[in-house]
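Structure first, commentary second.
The values are calculated or read from the model by the stated rules, or taken from the named source; none is laboratory data. Worth saying up front: this structure is predicted, and the values here are computed from it rather than measured. We place every Cβ from the backbone using ideal geometry, glycine too, and count neighbours over all the protein chains shown. We work out accessible area using only protein heavy atoms, side chains counted, and drop any ligands, DNA or RNA first. Shrake-Rupley method; radii C 1.70, N 1.55, O 1.52, S 1.80 Å.
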Amino acid sequence: MIPRIYIPGDSGALALGAEKVAKAIAGELAERGIEAKIVRNGSRGAYFLEPMVEVATANGRVAYGPVKPSDVKSLFDGGFLTGGHHKRWLGTPDKIPFLAKQTRLTFARCGVTDPLSLESYKKHGGLNGLTNALALTPADIVAQVTESGLRGRGGAGFPTGIKWKTVLDTAGDRKYIVCNADEGDSGTFADRMIMEGDPFVLIEGMTIAGIATGATKGFVYVRSEYPHAVAAMNKAVEIARKAGVLGASVLGSPYAFDMEIRVGAGAYVCGEETALLDSLEGKRGMVRAKPPLPAHKGLFGKPTVINNVISLASVPIIMDKGAAFYKDFGMGRSRGTIPIQIAGNVKYAGLFEAAFGMTLGEIIDDIGGGTATGRPVKAVQVGGPLGAYFPRALFDTPFDYEAFAAKDGLIGHAGIVVFDDTADMLKQARFAMEFCAIESCGKCTPCRIGSTRGVETIDRIVAGIEPEKNLALVTDLCNTMKFGSLCALGGFTPYPVMSSITHFPDDFKPAPVRVAAE
Ligand SMILES: Cc1cc2nc3c(=O)[nH]c(=O)nc-3n(C[C@H](O)[C@H](O)[C@H](O)COP(=O)(O)O)c2cc1C
Ligand code: SF4
């Protein structure tokens, strides 16, 4: 058997030098006259260990990382093709603590399989969910998804089954499945990882959604900053089509389903579902007023399911193992697992899939290992640029939609960005308002005008001009934006602003006091 070497082609790993490592390994193999198969797998998500190279040995996989091109010669000298010891030796990947502590359902194959091998996909449980779904009625598939407790992973946490049922129950000569892969939230990369590392799972999930709701066409709307994900998805769709997974007769069934990948032009607001639909239709991305809901009148005015990548990619495992299996994980009304993305100033950055319910403190301190700088954690922003900043005092909050909402926070797409004690929360509050001003689609006044006035008012606080009066003005403005905005961009910008003011009041004191305090 020729040796197999796994070197991630994931763009996070590439950014950390995986391509150079791959070239060095290929060069060394040629020089030593060794025949080996190099597989460009996805990433397992332990980015602090990337580029993580794995070799398949008689005793299973052995990992090495983070590998530098300069390590390659000595890796060969140390017999790494048979799992030999080396300073980069990590042992069995599944036993690396960061990976061993996870519950991998949605990401079970990511970093393990060859992303573009349908054979490899099937060997690891791929297409079981679709096969099971084909034996059910659309209503029964929807019932399974509802029963699993799956909620949208894009941000709003809306029950996926209820959304699907609305589309199933809405008459239409054409229906669509739209996958939201805009992934605009700061510190998030779960969608990208799945699309690059296990694209067939998304194709399978979208196909199940199509069969369940009567939709025959799907679109994946991917942000332009994800060229590797776009390439992987396009190739995977082609392979799935050739293999009869997609097309006029899905796996030989009477159901038809096909899909296309579309690339956005780069606007945060185009992640909002109705702006996304406008953009997909070739218009400028502007938020639409609801009703009508996209489920009734969505893409090109037709009934449309719009779901996040992870929501759709979680469906195959539900249809494979059953709703009860999935529902068994989690807490309260947050069922199943969630791929938490730990980023920012943190020691062990990466993707950590776990059942809902871990506390924020466990995630930051135990899993993330605290800050990369070694300084105390001051704040963590959960849920992207519209998420609240939580201080250490709130680290006992369990990762659960309702628990976060109860503390004026949100889980969003489960991205966590960590800040150490050098962060200035007044600057972060200003940044939130500025971000909103730049990204606002301009349709409604509280967001379009409010965010600009917000930046100006915070600037007055920074300059020490009537700080108390201006702080009260910002609070008042936040209330107007929260309750008067048409969508969550204007409606949630108050979360990072108000949480900064509430939890870090010292940072909002007039400049001389702030300097003295520092
Ligand atoms: C400004 C804004 C940006 C958003 N960006 C995204 C995004 O990048 N990806 C995403 O899946 N949902 C995003 N959403 C949420 C979507 O509007 C929508 O709720 C989601 O795609 C529905 O899918 P789900 O039910 O599977 O979560 C955004 C919402 C707003 C208001
Ligand atoms: S809140 Fe902002 S982004 Fe949303 S509709 Fe209003 S102006 Fe557009």
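Look at the range 435-450: where a residue is among the hydroxyl-bearing types (Ser, Thr, Tyr) and a partner is open to solvent by 30 Å² or more (accessible area, probe 1.4 Å) and near ligand 2 (Cβ under 7 Å from one of its atoms), sitting 6+ places away or on another chain with Cβ atoms under 6 Å, you get Ser440/Arg448. Any residue in the range 353-370 that is more than 22 Å from Ile194 (Cβ to Cβ) and of a type in the set (Asp, Glu) sitting within a Cβ distance under 8 Å of a residue that is open to solvent by 10 Å² or more (accessible area, probe 1.4 Å) and in a loop (DSSP other than H, G, I, E, B)? List the pairs, counting only those 6 or more apart or interchain. Pairs found: Asp365/Phe395.
State whether the residues of the range 316-324 include one that is within 16 Å of ligand 2 (Cβ to nearest atom), of a type outside the set (A, V, I, L, M, F, W, C) and touching a residue at least 40 places away in the same chain (Cβ under 8 Å). Checking the range 316-324: not a single residue is within 16 Å of ligand 2 (Cβ to nearest atom), of a type outside the set (A, V, I, L, M, F, W, C) and touching a residue at least 40 places away in the same chain (Cβ under 8 Å). When Ala156 is tested against the conditions (1) crowded, with 20+ Cβ neighbours inside 10 Å; (2) among the hydrophobic types (A, V, I, L, M, F, W, C); (3) within 16 Å of ligand 2 (Cβ to nearest atom), the lone failure is (1). Total residues in the range 386-405 satisfying the condition of being assigned to a strand (DSSP E or B) and open to solvent by less than 10 Å² (accessible area, probe 1.4 Å): the figure is 2. The set of residues in the range 368-385 being more than 15 Å from Asp421 (Cα to Cα) and either surrounded by 22 or more Cβ atoms within 10 Å (Cβ to Cβ) or modelled with pLDDT under 95 (or both) consists of Gly368, Val382, Gly383, Gly384, Pro385. Inspection of the range 40-53 finds no residue satisfying the criterion of being out of contact with any strand residue (DSSP E or B) (no Cβ under 9 Å at 6 or more places or on another chain), open to solvent by 20 Å² or more (accessible area, probe 1.4 Å) and not in a helix (DSSP H, G or I).
Taking the range 255-270 as the range and being more than 16 Å from ligand 2 (Cβ to nearest atom) and either crowded, with 23+ Cβ neighbours inside 10 Å or within 15 Å of Ile208 (Cβ to Cβ) (or both) as the test, the residues that pass are Tyr255, Ala256, Phe257, Asp258, Met259.
Contact map, the range 279-294: first residue touching a residue at least 12 places away in the same chain (Cβ under 8 Å) and within 11 Å of ligand 1 (Cβ to nearest atom), second residue assigned to a loop (DSSP other than H, G, I, E, B) and of a type outside the set (S, T, N, Q), Cβ cut-off under 7 Å, separation 6 or more or different chains; pairs are Gly285/Ala267; Gly285/Cys441; Val287/Glu272; Val287/Cys441; Val287/Lys443; Val287/Leu486; Val287/Cys487.
The combined condition, being in contact (Cβ under 8 Å) with a residue 60 or more places away in the chain and open to solvent by 20 Å² or more (accessible area, probe 1.4 Å), is not fulfilled by Ala135.
Condition check ((1) assigned to a loop (DSSP other than H, G, I, E, B); (2) under 17 Å from Gly9 (Cβ atoms); (3) open to solvent by 40 Å² or more (accessible area, probe 1.4 Å); (4) at pLDDT 95 or above) across all residues:
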site	(1), (2), (3), (4)
Val167	no, no, no, yes
Met193	no, yes, no, yes
Ile208	no, no, no, yes
Ala215	yes, no, no, yes
Met233	no, yes, no, yes
Ala240	no, no, no, yes
